[in-house]
Amino acid sequence: MPRRSSVEQFRQIYLRNIDPVVGYFARQCRDPQVVADLTAETFLRAAAGYAAFDPLKRSERAWLLGIADRAYRQFAASAAAEASPGRPRRGRRLLDRDEIEELTRRIDAERE
């Protein structure tokens, strides 16, 4: 039987762990836009570092939540610095209504 490609393996990790990662960010902040941005950032970082991931050293969920935690800490530090008077704000893509409703549903479900 042929081995699954790294892309397919990562896809499966993503599918198994998207909800816990969204849930982590939903507990950290209430803004669905920030939850979406940080979730995307987490999986981008994970994809970039996937070759070095060793499932014998830690679980995929622990690995991803560690990446998520670092992404959130960097976001929080950046947000605090940007809140300084006179500092310009960075732009980001705004979510459409359906995306906001879906993330709001996920955030509410996580809180229950």
Note: among F43, F25, just one is more than 18 Å from A109 (Cβ to Cβ) and either under 8 Å from the mean Cα position of the chain (by Cα) or part of a helix (DSSP H, G or I) (or both), namely F43
Pairing a residue in segment 53-67 that is free of Cβ contacts under 8 Å to residues at least 12 places away in the same chain and closer than 13 Å to T42 by Cα with any residue that is open to solvent by 30 Å² or more (accessible area, probe 1.4 Å) and among the charged types (D, E, K, R), where Cβ atoms lie under 9 Å and the two sit 6 or more apart in sequence or on different chains, gives G66/R58
D54 fails exactly one of (1) open to solvent by less than 60 Å² (accessible area, probe 1.4 Å); (2) of a type in the set (D, E); (3) under 26 Å from E101 (Cβ atoms), namely (3)
Verdict on L38 being surrounded by fewer than 18 Cβ atoms within 10 Å (Cβ to Cβ), part of a helix (DSSP H, G or I) and hydrophobic (A, V, I, L, M, F, W, C): no
The residue from E60, E8 that alone is surrounded by 12 or more Cβ atoms within 10 Å (Cβ to Cβ) and either within 26 Å of E99 (Cβ to Cβ) or not small (G, A, S) (or both) is E60
Of the residues in segment 79-110 that are more than 16 Å from T39 (Cα to Cα) and touching a Lys or Arg at 6+ places or on another chain (Cβ under 8 Å), the one that is modelled with the highest pLDDT is A81
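The values are calculated or read from the model by the stated rules, or taken from the named source; none is laboratory data. All of these numbers come straight from a predicted model, not from anything done at the bench. Virtual Cβ from ideal backbone geometry, glycine too; neighbours counted across all protein chains shown. Accessible surface is based on the protein model in full, side chains and every heavy atom, while ligands, DNA and RNA are left aside. Shrake-Rupley method; radii C 1.70, N 1.55, O 1.52, S 1.80 Å.
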